[in-house]
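A.B. asks: Structure provided below as structure tokens; questions to follow.
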Amino acid sequence: MSLRHASRRALLLILLVLFATSGCARLKSMFKDGDANEGVPVEQLYDKGHRSMRNGNWSGAVDTYKRLVAQYPYGAYTEQALMETAYAQYKMGSNDDAISTIDRFIRTYPTHRNTVYMYYLRGLTNSNRDTVFLQRVWKLDASRRDLATPTQAYNDFTIVVERYPNSRYAADARQRMTALRNMSARHELETALYYLRRGAWVAAAERAKYLLETYPQSEHQNDAVAVLAEAYARLGNETLAADARRVLQQNEPNHPQLSGRWPDYPANWRKLNPFAGERSAIDND
């Protein structure tokens, strides 16, 4: 028994030595990595991070800038490092980290001359988040999609346009707002078509009206009127259906709904707008 006990103790000691050696090696490695930028002057740290940015080494730039901000929490280099960190995180697709860095900058430097750029970058980042989101949910039913991120992006660009109308970012922000409005209107149209396909005429009409009221002059407004015409006709309200067709006749006389050529809904519901194919065919006649 004593021999077995001694063997167990020896094995335990060997394992402890191995773990201790491994742990020390990891700690030395960590300190070695950290020492590469430890105590380096702020100008050199910034130059190192900026070289990484120019070379497209976004991860390396972020690591260097984080060290800079930690060692030198105030000053012009720190301000610039935070902005470039946010941009590098955006380019990496680390959208949550980019938003966090941007918000930190805006809270810390609300009157900074480049705060407008940070609002613009936040709009780009939120738009990018939605692009990934839509790619993932494209096969889901229209009514299940969420517009939280494009709405936030729209609000970010609105700040750029309204608070900084003469900035270099205002014109592009306006164009992106228009695209985001059209995307939101498209979401409402797709949902209205979803209800229309399933015979939910009242829900389809309400969604089309919401589109027209919330996103006037969007590129999908005529299709929304077409949904109203179809939904009211299905409900047996010929007066409202005729009013909708009259408006559609004035704005888009070649719309397929007016000719009674309502396209069949595809089994694959990934196609957004069943009007689109018919309209292009009519225009090419």
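The values are calculated or read from the model by the stated rules, or taken from the named source; none is laboratory data. Predicted model, so just to flag it, every value in this text is computed and none were measured. A quick note on method: Cβ atoms are made from the backbone with ideal geometry, for glycine too, and the neighbour counts reach across all protein chains shown.
A.B. asks: Looking at region 185-204, which of the residues that are surrounded by fewer than 21 Cβ atoms within 10 Å (Cβ to Cβ) and touching a Phe, Trp or Tyr at 6+ places or on another chain (Cβ under 6 Å) is farthest from residue 232 (Cα to Cα)?
C.D. replies: Step by step, filter region 185-204, then rank; the result is 197.
A.B. asks: Residue 97 versus (1) buried (at least 16 other Cβ atoms within 10 Å of the Cβ); (2) modelled with pLDDT under 95; (3) among the acidic types (Asp, Glu): which is the lone unmet condition?
C.D. replies: (2)
A.B. asks: Tell me, yes or no, whether region 248-255 has at least one residue that is part of a helix (DSSP H, G or I), buried (at least 20 other Cβ atoms within 10 Å of the Cβ) and modelled with pLDDT under 95.
C.D. replies: Taking every residue of region 248-255 in turn, at least one turns out to be part of a helix (DSSP H, G or I), buried (at least 20 other Cβ atoms within 10 Å of the Cβ) and modelled with pLDDT under 95.
A.B. asks: Considering only region 56-94, state which residues are surrounded by fewer than 16 Cβ atoms within 10 Å (Cβ to Cβ), of a type in the set (Ser, Thr, Tyr) and either touching a residue at least 40 places away in the same chain (Cβ under 8 Å) or assigned to a helix (DSSP H, G or I) (or both).
C.D. replies: Once the filter is applied, which keeps residues that are surrounded by fewer than 16 Cβ atoms within 10 Å (Cβ to Cβ), of a type in the set (Ser, Thr, Tyr) and either touching a residue at least 40 places away in the same chain (Cβ under 8 Å) or assigned to a helix (DSSP H, G or I) (or both), region 56-94 yields only 59.
A.B. asks: Moving on. Under the condition of being free of Cβ contacts under 8 Å to residues at least 12 places away in the same chain and basic (Lys, Arg), which residue from region 95-123 is nearest to residue 153 (Cα to Cα)?
C.D. replies: 107
A.B. asks: Which condition breaks for residue 208 when tested against (1) modelled with pLDDT of 95 or more; (2) surrounded by fewer than 21 Cβ atoms within 10 Å (Cβ to Cβ); (3) under 24 Å from residue 152 (Cα atoms)?
C.D. replies: (2)
A.B. asks: Has region 149-158 got at least one residue that is in a helix (DSSP H, G or I) and farther than 14 Å from residue 123 by Cα?
C.D. replies: Checking region 149-158: not a single residue is in a helix (DSSP H, G or I) and farther than 14 Å from residue 123 by Cα.
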